[in-house]
Every structure is written in structure tokens, then in C-alpha cells.
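Asks: I'd like to ask some things about the structure below.
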């Protein structure tokens, strides 16, 4: 598979037919482990302007994704490997639901879809969480609305936020 690197976290597959196997996933794990934010995505769609976005995403344990929502968009996750919790919040930042996701053999739910603009985040429980995400494009940073009550990724209080949600920064449960 031929790839075009956008940055340390984003790759685009450039072939007309995209096939991904274990070796490709292993390569993505290595890339994720090697970058500062412990995450990487392989985009199977040809460009940010595409109407359908399909990505294989690797997230490392202990990362923080600021709660956000996507007005006018839907997204779905299909778990490939590992476990994570999707945490849903109300407008004030109160947790309204925690959805436990895992690969099929884990006994957890392995598919998640959201089609309304509700604040959410992903808390990685296993060493890595690998999933196939599908959403509608085109991609524009302005389509993501970050929760005003949540700390930024660069803020030291992120760790307090993670603990408050019942998960330590390393992903262990309280």
C-alpha cells in the first residue's frame, strides 16, 4: 500500500483499492508509539474534500481527546483491537453515559454510531485502541466544536479531568 504522509499523525493511502492487513496495523502501532500524542490515523479516503471519510485510527493508552461534538455530521466506530470507553456529556459537562467498547471477542460492544451533536470523548482502557471510523466529509476543523468546560490538551489539568471521569491518566480505573 502506498502512503502519503501529511504529518506524524495523518497518512493517506493513495492506491485506488485499499487493503489493510496485520502488518499494516503493526506499522501503524509503531508510528503511534513513536509520536508525541500517541495517535495515528490512516485515511482510506483520497482527500479531506471527500464526501465519505474512512479511517483506521490507533490511540495509545493515557491520551486525552478534548470532549467535542460535530454538528451536522455523524460518525461510527468499529473496533479492531483493544478497549475504550466513549463518554457522552451534557451541555454543562456532566457525564450522561459511558459506553464500553472492545473488539468482538471482548464481550463489550464493538460498534458505536452517533448522529447528533453531543459532546463526547474516547478514554483508552487497553494499551492501544484501534478502530475503523467512518464519518461524512468534507473535513473542516470548524466542523468540530470543542467543549468550553473541558481543558485543552496542553493544559496540565487534563490529568485531573481524566481522574474526575473515573480513569487515571494511564488508563487504569479508579
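Asks: Counting helices only, and only those DSSP H runs with n ≥ 4, report the 222 nm mean residue ellipticity of the chain as the sum of -39,500 (n - 2.57) divided by its residues, in deg cm²/dmol to the nearest 500.
Replies: -3000 deg cm²/dmol
Asks: Could you please state, rounded to a whole Å, how far the C-alpha centre of the range 13-30 is from the C-alpha centre of the range 92-142?
Replies: 21 Å
Asks: Roughly what % of Cα-Cα distances in the chain sit above 30 Å, to the whole percent?
Replies: Above the 30 Å cut-off, the chain has 13 percent of its Cα pairs.
Asks: For labels at residue 1 and residue 111 in the simple 7 Å Cα→Cβ model, what's the distance in nm?
Replies: Each label point lies 7 Å from its Cα, and together they span 2.1 nm.
Asks: How far is helix 22-33 tilted, in degrees, relative to the longest principal axis of the Cα atoms in the chain, given as a value from 0 to 90 rounded to the nearest 10?
Replies: 50 degrees
Asks: What ratio of Cα Rg to 2.2 N^0.38 Å holds for the range 71-164?
Replies: Scaled against compact globular proteins, the figure is 1.12.
Asks: I need the peptides 14-20, 27-33 ranked by packing, meaning the mean over residues of other C-beta atoms within 10 angstrom, with the highest value on top.
Replies: 27-33, 14-20
Asks: Next up: Give, in nm to one decimal, the length gained when the segment between residue 24 and residue 92 is fully stretched (0.36 nm per residue of separation minus the Cα-Cα distance).
Replies: Between residue 24 and residue 92, full extension yields 20.5 nm more.
Asks: For residue 65, project a label point 7 Å along Cα to C-beta. Then give me every residue of the range 25-50 with its amide nitrogen under 12 Å of that point.
Replies: Under 12 Å, as judged by backbone N against the label point of residue 65, lie 39-41 of the range 25-50.
Asks: When all alpha-carbon pairs of the range 16-72 are counted, what percent fall beyond 16 Å?
Replies: Summing the P(r) of the range 16-72 above 16 Å gives 56 percent of all pairs.
Throughout, read-outs are computed from the coordinates displayed, never taken from laboratory work. Quick caveat, the model's predicted, so the values are computed rather than measured. We place every Cβ from the backbone using ideal geometry, glycine too, and count neighbours over all the protein chains shown.
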